[in-house]
Amino acid sequence: MLRTRDELLATVGAADAFGRFDPPEQLSAGYAVGSAVAYLRRAHAGRSTLSVWGADLTGLLDALAAAGILGDLVPGWISVPRDRVHDLTHRAVVRGGGDWDWLWTEAAPPAVPHEGRLVTLDDTADAEEIGALLAQNPRSEGYPGTGRSALWLGIRDASGGLLACGAVHRLESGVAHLAGIHAAERVRGQGFGRAVTAGLTRWAVDREGVCTLGMYADSARARGVYESLGYRIDKQWSSRILFGVLS
């Protein structure tokens, strides 16, 4: 059993950025076999997922299955590295889910166009307007008006309409995590989303030294924006819904 983030890092190594910045100091549930680890992760969206990674992943999955821990998750979510998803499907019945990447940076981004137009938005007073903009993106995880955001930034047009927005959420560790970044369809490709991302990242790095984000693996345009602003991929995940364990 792993009880703390420090114990997890002692297994995977201090160079593991996800291990450094994502888990809380005290783990609600953590496991290790050899160089592989797993912990029950609560995402900023509120969903709990067992995240499993490391070179000895197969041994850990076998141990979790034998101990009944995988069975206890049914039905629930599990994430493994994208190039190891076959190790999961050989041991469990899974459905649905998707692929996503976890990125991080400790460097403030370069200045970008439109960044000087950024304004602070209010999670409560501006929730309806932010929500209307984010409704253009069915995969948005911004959740305005719920109190989950430490900061909202946006860009408005000359008449005050909201052109782009984005938020800083908090991981269970307390580390800044970007969410809800979206530019209106009528201004897509003009750099407004990039400006919001740069402003949020600068805010977090200047104050706290690090910023993280998650992105759907098929979002090529977003990937290019994030990498141009200094983000690096640390984990490439496949998340699946666990429906059963194979004998």
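The values are calculated or read from the model by the stated rules, or taken from the named source; none is laboratory data. Just so it is clear, the model here is predicted, and its values are computed rather than measured. Positions of Cβ are backbone-derived with ideal geometry, glycine not excepted, and every protein chain shown enters the neighbour counts. For accessibility, only protein heavy atoms count, side chains too; no ligands or nucleic acids. Shrake-Rupley method; radii C 1.70, N 1.55, O 1.52, S 1.80 Å.
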Between residues in segment 218-247 that are more than 24 Å from residue 21 (Cα to Cα) and residues that are basic (Lys, Arg), which pairs lie under 6 Å by C-beta distance while being six or more apart or on different chains?
241/95; 243/95; 246/91
Applying the selection to segment 82-98, what residues are within 22 Å of the chain's Cα centre (by Cα) and over 16 Å from residue 47 (Cβ atoms)?
82, 83, 84, 85, 88
Checking residue 151 against (1) under 21 Å from residue 47 (Cβ atoms); (2) buried (at least 16 other Cβ atoms within 10 Å of the Cβ), the condition it does not meet:
(1)
For segment 1-10, name all the residues that are assigned to a helix (DSSP H, G or I) and either surrounded by fewer than 19 Cβ atoms within 10 Å (Cβ to Cβ) or among the charged types (D, E, K, R) (or both).
5, 6, 7, 9, 10
Which number in (1) modelled with pLDDT under 95; (2) surrounded by 14 or more Cβ atoms within 10 Å (Cβ to Cβ) marks the one condition that residue 139 misses?
(2)
Across segment 117-131, which residue is nearest to residue 190 (Cα to Cα) among those that are open to solvent by 60 Å² or more (accessible area, probe 1.4 Å) and in a helix (DSSP H, G or I)?
117
Return yes or no: is residue 180 more than 21 Å from residue 17 (Cβ to Cβ) and either assigned to a loop (DSSP other than H, G, I, E, B) or among the aliphatic types (A, V, I, L, M) (or both)?
no
Kindly state which strands (runs of 3 or more DSSP E) lie completely within segment 13-108 and contain at least 2 residues that are open to solvent by less than 30 Å² (accessible area, probe 1.4 Å) and at pLDDT 95 or above.
36-42, 48-53, 76-81, 92-105
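Restricting segment 185-233 to residues that are aliphatic (A, V, I, L, M) and open to solvent by 50 Å² or more (accessible area, probe 1.4 Å), which is farthest from the chain's Cα centre (by Cα)? Talk me through it step by step, then tell me what you get.
First pass over segment 185-233, keeping only residues aliphatic (A, V, I, L, M): 187, 195-196, 198, 200, 204-205, 210, 213, 215, 217, 220, 222, 225, 229, 233.
From the residues that got through so far, the ones that are open to solvent by 50 Å² or more (accessible area, probe 1.4 Å) too are 220, 233.
Working: 220: 16, 233: 11 Å.
Of everything passing the filter in segment 185-233, 220 is farthest from the chain's Cα centre (by Cα).
What's the total number of residues in segment 1-23 that are under 25 Å from residue 62 (Cα atoms) and out of contact with any helix residue (DSSP H, G or I) (no Cβ under 6 Å at 6 or more places or on another chain)?
Of the residues in that region, 12 qualify.
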Flag for residue 112 being of a type in the set (Val, Ile, Thr), part of a loop (DSSP other than H, G, I, E, B) and touching a residue at least 24 places away in the same chain (Cβ under 8 Å)
yes
